[in-house]
Structures are given as structure tokens and as C-alpha cells.
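First up is the structure itself, then whatever we jot down about it.
The values are calculated or read from the model by the stated rules, or taken from the named source; none is laboratory data. All values derive from a computational prediction rather than experimental measurement. Positions of Cβ are generated from backbone atoms using ideal geometry, with glycine treated the same way; all protein chains shown enter the neighbour counts. For the accessible areas, the whole protein counts, side chains as well, though only heavy atoms, and no ligand, DNA or RNA atoms are used. Shrake-Rupley method; radii C 1.70, N 1.55, O 1.52, S 1.80 Å.
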Amino acid sequence: VTKTQYYTATSLDGYIADEDNSLDWLFEVDRAQGDDHFTRFFADVGAMAMGATTYEWVLDHEQLLDHPEKWRAYYGDTPCWVFTHRELPSVQGVTLRFVEGDVAPIHEEMTRAAGDKNVWLVGGGELVGQFADLGLLDEIQVGIAPVTLGRGAPLLPRRITARDLELVDVDRDVQFVRLRYRLRTH
Ligand SMILES: NC(=O)c1ccc[n+]([C@@H]2O[C@H](COP(=O)([O-])OP(=O)(O)OC[C@H]3O[C@@H](n4cnc5c(N)ncnc54)[C@H](OP(=O)(O)O)[C@@H]3O)[C@@H](O)[C@H]2O)c1
């Protein structure tokens, strides 16, 4: 069964990026198996989605317009849906779908495309919130960095209480903690 998973990293005070959309604070955290963990997670991903800010950050940070092959090195052939109201540049040779509005029909499309694999919601938090609002989010996998940022892009700007969220796994990686939560369905 396809699960819709929010897999991300956060600061201790619940931000996934600082005010300048930077992740420098994350890359300097002492971890032994950051990439391995992601590789294992990503092996079961059949479709992915991200918001425009995240997409633009990845494009810029990895200079993907000049080096489109880097996208494939990270994400292979996995189709990616980018939520935006604007016309954004595409990465050559990559299956990208630019979409907007109601996430429900797009989620259906993603689930079909994922086959027996999972749907990865890359972020940001408000986009993931739109899936959660409709009961379309099954799991949150979050790594916590030992840093507070004070402000930035929020992890998940919604009220989801313990009644709906079950902690199913905890794992320490040097200075990093990974938590896996399941969204309870009623
Ligand atoms: N810590 C991590 O592991 C991690 C993971 C992912 C992302 N990040 C970072 O976190 C930050 C996330 O930023 P964010 O939360 O501000 O943004 P985001 O979700 O990446 O992008 C927000 C934008 O997505 C578009 N959007 C969202 N929902 C839409 C919908 N239903 N229809 C059409 N467009 C929609 C809008 O773009 P328009 O401007 O086109 O209207 C909106 O301004 C980024 O800096 C990213 O790099 C960090």
C-alpha cells in the first residue's frame, strides 16, 4: 500500500530552513549515516512533490540548470510534482509536472504513478499541511538537528495533536535524532 510520507529535517524549534532559506545549519551537524538513511528511504519512493521555494532552492543550490544530470544522480527517474502559481524553469531530461491548486486530484495522480512505492512530500510545511488537512498524510519522518533558529520556514504549520499522531520509531545518529510518526486515521 502506498504511503504518503513527509521526510525532512528540522531545527529543534521546528524550522526546516532559516530566514534566508538556507540549510547550512543542517549540513554542519555531526551525523554518521545521513546519506545512507536517505538512500534507504528513497529506495521506496515512487513519486515526489515539493513547493516552489524548495524547488528554486534545489535548482540554485545544485546549479541544476547548468548541471541537469545532478538531478538524476539524486532522484533517478522518480517523477516530481512542483506546486507553483508561476512559470518556473524546468530541468532538462527530468520528469517534472508543474501544478497548482487543490492537492487532492494531484495526490491521486501521484499515488497512481508511485505504483507499489510511496509518495514523498519534500516540503515545505504549508504544502504538506494542505495534504494533512485532507487526511492524505500517512507518516512524518523527521530528523532533529541540535540547533535553534528563532525564525524561518515552519516544519508543519498545523495543529495535529497526540490523538492523531503516534510515535513509531526513534533512532539516534551521533548529534541527530530521527523520529517516525504515523498519522492515525479515524
Ligand atoms: N530541512 C529540510 O530538509 C528541507 C526540506 C525541504 C525544504 N526545505 C527548505 O524549506 C523551505 C521551504 O519553504 P516554504 O515552506 O516557504 O516553501 P515551499 O512549500 O517549498 O514553497 C511555497 C510555495 O509553493 C507554492 N505552493 C504551495 N502550495 C501551492 C498550491 N496548492 N498551488 C500552487 N502553488 C503552491 C507557492 O509558490 P508560488 O510562489 O508559485 O505561488 C508557495 O509560495 C525552503 O527554503 C526549502 O529549501 C528544507
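In contact with a His (Cβ under 9 Å, 6 or more places away or on another chain) and surrounded by fewer than 19 Cβ atoms within 10 Å (Cβ to Cβ), is that true of LEU96?
It is false that LEU96 is in contact with a His (Cβ under 9 Å, 6 or more places away or on another chain) and surrounded by fewer than 19 Cβ atoms within 10 Å (Cβ to Cβ).
Mind checking whether some residue in the range 156-172 is buried (at least 18 other Cβ atoms within 10 Å of the Cβ), in contact (Cβ under 8 Å) with a residue 24 or more places away in the chain and within 14 Å of the ligand (Cβ to nearest atom)?
yes
Looking only at the range 54-72, count every residue that is open to solvent by less than 90 Å² (accessible area, probe 1.4 Å) and either more than 13 Å from the ligand (Cβ to nearest atom) or not in a helix (DSSP H, G or I) (or both) and tell me the total.
Residues in the range 54-72 being open to solvent by less than 90 Å² (accessible area, probe 1.4 Å) and either more than 13 Å from the ligand (Cβ to nearest atom) or not in a helix (DSSP H, G or I) (or both): 6 in total.
Can you list residue pairs whose Cβ atoms sit under 6 Å apart, with the first residue in the range 1-29 being on the phi > 0 side of the Ramachandran plot and the second being within 10 Å of the ligand (Cβ to nearest atom) and in a loop (DSSP other than H, G, I, E, B)? Count only pairs 6 or more apart in sequence or on different chains.
These pairs meet every condition: GLY14/LEU155.
Does any residue of the range 30-39 turn out to be open to solvent by 40 Å² or more (accessible area, probe 1.4 Å), β-branched (Val, Ile, Thr) and closer than 26 Å to THR10 by Cα?
yes
Per-residue answers, yes or no, for (1) touching a residue at least 60 places away in the same chain (Cβ under 8 Å); (2) over 22 Å from PRO105 (Cβ atoms):
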{"residue": "MET48", "(1), (2)": "yes, no"}
{"residue": "ALA52", "(1), (2)": "no, no"}
{"residue": "LYS70", "(1), (2)": "no, yes"}
{"residue": "TYR74", "(1), (2)": "no, yes"}
{"residue": "GLU87", "(1), (2)": "no, no"}
{"residue": "SER90", "(1), (2)": "no, no"}
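So GLY93 clears everything in (1) under 21 Å from ARG180 (Cα atoms); (2) modelled with pLDDT under 95 except one condition, right? Which one?
Condition (1) is where GLY93 drops out.
Considering GLY125, GLY101, GLY76, which residue is surrounded by fewer than 14 Cβ atoms within 10 Å (Cβ to Cβ) and within 20 Å of PRO157 (Cα to Cα)?
It is GLY101.
Within the range 73-100, can you find the residues that are assigned to a loop (DSSP other than H, G, I, E, B), closer than 16 Å to VAL45 by Cβ and not charged (D, E, K, R)?
Hits for the range 73-100 are GLY76, THR78, PRO79, VAL94, THR95.
Being assigned to a loop (DSSP other than H, G, I, E, B) and within 15 Å of the chain's Cα centre (by Cα) is the filter here; which residues of the range 101-149 pass it?
If the condition is that a residue be assigned to a loop (DSSP other than H, G, I, E, B) and within 15 Å of the chain's Cα centre (by Cα), then GLY124, LEU136, LEU137, ASP138 are the ones that fit.
Just one of VAL147, VAL82 is open to solvent by less than 40 Å² (accessible area, probe 1.4 Å), within 13 Å of the ligand (Cβ to nearest atom) and touching a Lys or Arg at 6+ places or on another chain (Cβ under 9 Å); which is it?
VAL82
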